[in-house]
Amino acid sequence: MTVTERPGTPTFTDGFLVSSSPATGAEVGRVAVTDPDDVRAAVATARAASTWWAGLGFGGRRARLLAWRALIVQRLDEITDLMHRENGKPTDDAMLELLITVHHLDWAAKKAAKVLGPRRVPSGMLSSNIAASLEYQPLGVVGVIGPWNYPVFTPMGSIAYALAAGNAVVFKPSEYTPLVGKWLIDTFAEVVPEYPVFTGIFGGGETGAALTAAGVDKIAFTGSTATGKKIMAAAANTLTPVLIECGGKDPLLVDADADLDAAAEAAVWSGMSNGGQTCIGTERIYVHEAVYEPFLAKLTATAKAVTPGEAVDAAYGPATMPSQLDVIRRHVDDALARGGTAVVGGAESVSGPFVGPVVLTDVPEDSAAVQEETFGPTLTVSKVRDMDEAVERANATSYGLGASVFSKRRGIELARRIRSGMTAVNSVLSFAGVAALPFGGVGDSGFGRIHGEDGLREFTRPKSIARQRYPLPMSIYSFGRTDKTNALLIRSMRLLYGRGAPKR
Ligand code: NDP
């Protein structure tokens, strides 16, 4: 079967992007493709709207965003059904995605004033006559390029925070989930009908590329590392700042004193829910040798009970992006060819579009299944002699997005040592549901942060204002500075900052 014959592959017909179900291939709907001129026009229109939106102030924006939040919740059945049809995920998973999303929207709307609004900062002794204040102003227009795996939660991590900070947003949803993206845009327009503050452009990668070149003030991208690099290179031409949220190869560590039932259950859910198409989902497990055998027994028993399907209440749905099946198959085949053992499923599990759970042991650390993002319901499990080795191996990929640690005594210590943006202790993925916690990666997982105070500031520029309250008898910032003033400054510098140097 070629890629284009696979259900769910988007097609372009007569200027329309046709979206189809990855489970059945049935058309879900279509949207008009935005050509590059219209992309530029959308950004120009959004710029005008951004002035009005910024002018509403924190209070005005908060009221609108909370109304949007309530509208999304009111229409929960509509959007979860659409997510099921277009992305393939079970409706319960879509509901969970929506719950976390509206939690973030609520938080961003309510916290923006406190985090970003004007505040006095200490001016220091040298500037005792200065009233110093700091505020975070919106950038203007933010371009958001989103993925298909969490078609609401992931782009909304940028959209909600950028809007709350006072920006207009032009959103390019993935070509695999354009209708979910359009639904978000349409519902927002119901609560903000005056100006196109949040608009959409639709199409394939070239539409995203056009957005990057259309004069936006920032690009927030979520997707593959390869595309993230292309976007960053393109944005460099105009010095447009970028936020890059790419994939991961998230490890889960199981210590000798861990609750093995909890760890096994969490590992299977983290690795296999959403068909493994979770950027912060577990892909690799490192287990202390003292508990390796009992943990593996629990893990395999749990994983074997998981069955994907088309039903709204299946454990998980199909691979949303059909070409991903080739990646999953390559990783599993390579792992088996290099001495790995499939203790759950195997090569035959990747017949698509519903990939069965696969658990692999004895996979060499330098193989694709351990080093590259698989984005399928697969887990590799490796025995380690101690937790130092677990940390060392966990840190030995180019990625650094999320991680998990199961340990009764050393959870926080191990969490700190893992090279990742976020680590959950005795749980999985839990950091994503805490609105106050910033979300983002290191290395090939990207940089910049959505969520939390950092996520609000990401879509702003700091504005520093120093107001002179009264002139000092001696002026520092002047050609008129006297020798006497210079001598006083030197004395002050020695007194304030000159002590504590190593003795010579
Ligand atoms: P991409 O990185 O290709 O796509 C992500 C988004 O970027 C989509 O909206 C895409 O548009 C757009 N895009 C593609 N090319 C360009 C470009 N040159 N300029 C601007 N925008 C562009 O990811 P894929 O969807 O192809 O998935 C590939 C792999 O990425 C997956 O196998 C997975 O490993 C990883 N991934 C990680 C995600 C995460 O959450 N971190 C999410 C999705 C994927 P379009 O869809 O229309 O091509």
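No value in this document is a laboratory result; all are computed from the given coordinates. Predicted model only: the values in this text are computed from it and were never measured. Counting neighbours? That spans all protein chains shown, and the Cβs are built from the backbone with ideal geometry, glycine included.
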**Furthest towards positive pole of dipole, 474, 425, 498, structure part region 424-500, Cβ charges** = 474
**Asked** What ranking do 108-118, 123-133, 174-184, 243-253 get when scored by the average of other Cβ atoms within 10 Å per residue, highest first?
**Response** 243-253, 174-184, 108-118, 123-133
**Request:** With a point put 7 Å past each Cα toward its Cβ, work out how far residue 237 is from residue 190 in nm, to one decimal.
**Result:** 3.9
**Request:** Find the Rg to Rh ratio for region 18-94, where Rh is the Kirkwood radius over alpha-carbon pairs and Rg uses the same atoms.
**Result:** 1.11
**Helix axis angle, 483-497 relative to the chain longest principal axis, alpha carbon, degrees** = 40
**Message:** Among 216-224, 197-205, how do they line up by average Cβ neighbours within 10 Å per residue, starting with the highest?
**Reply:** 216-224, 197-205
**Message:** If I take R0 = 56 Å and measure r between the Cβ atoms of residue 470 and residue 409 in this structure, what FRET efficiency does the formula 1/(1 + (r/R0)^6) give, to the nearest 0.05?
**Reply:** 0.45
**Fill in**
D (µm²/s, integer) via Stokes-Einstein for region 57-107, Kirkwood Rh across alpha-carbon pairs, 20 °C, 1.002 mPa s: value 186
**Asked** Under unit Cβ charges (Lys, Arg +1; Asp, Glu -1), what dipole magnitude, rounded to 20 debye, does region 366-504 have relative to its Cα centre?
**Response** 1380
**Request:** Quantify how much of the Cα-Cα distance distribution of region 250-427 extends past 23 Å, in percent.
**Result:** 33
**Message:** Rounded to the nearest angstrom and ordered from largest down, what semi-axes does the equivalent ellipsoid of the chain get from its C-alpha gyration tensor (root of 5λ)?
**Reply:** 43, 32, 19
**Prompt:** How would you order 13-20, 270-277 from highest to lowest mean count of nearby Cβ atoms within 10 Å?
**Reply:** 270-277, 13-20
**Lys/Arg +1, Asp/Glu -1 at C-beta; region 250-427 dipole; positive extreme among 361, 281, 305** = 281
**Asked** What does the charge dipole of the chain about its Cα centre add up to, to the nearest 20 debye, if the Cβ of each Lys and Arg holds +1 and the Cβ of each Asp and Glu holds -1?
**Response** 3620
**Item:** Estimated FRET transfer efficiency when R0 is 51 angstrom, pair residue 341-residue 95 (beta carbons, to 0.05)
**Value:** 0.90
**Sum of side-chain charges, residue 298 neighbourhood, beta-carbon under 12 Å (Lys, Arg +1; Asp, Glu -1)** = -3
**Prompt:** What angle, in degrees between 0 and 90 and rounded to the nearest 10, separates the Cα long axis of helix 178-191 from the longest principal axis of the Cα atoms of the chain?
**Reply:** 40
**Asked** In whole Å, how far is the Cα centre of region 379-457 from that of region 185-228?
**Response** 29
**Message:** Quick check: pseudo-label points 7 Å beyond the Cα along Cα→Cβ at residue 304 and residue 132, how many nm apart are they?
**Reply:** 6.5
**Fill in**
Non-local residues with an amide H under 5 Å from the amide H of residue 145, with H modelled 1.01 Å from N and Pro and chain starts lacking one, are 172, 220, 221, 222
**Prompt:** Semi-axes of region 84-153's equivalent ellipsoid from the Cα gyration tensor, sqrt of 5 times each eigenvalue, largest first, rounded to whole Å?
**Reply:** 42, 14, 8
**Asked** Using alpha carbons only, how many degrees (0 to 90, rounded to 10) separate the axis of helix 292-304 from the longest principal axis of the chain?
**Response** 70
**Fill in**
Nearest-0.05 FRET efficiency for residue 395 and residue 366 at R0 = 25 Å, using Cβ-Cβ distance, is 0.95
**Asked** What share of the DSSP beta bridges in the chain is antiparallel, in percent to the nearest 5?
**Response** 45
**Message:** With unit charges on the beta carbons (Lys and Arg positive, Asp and Glu negative) and the dipole taken about the Cα centre of the chain, which residue among 150, 203, 240 sits farthest to the positive side?
**Reply:** 240
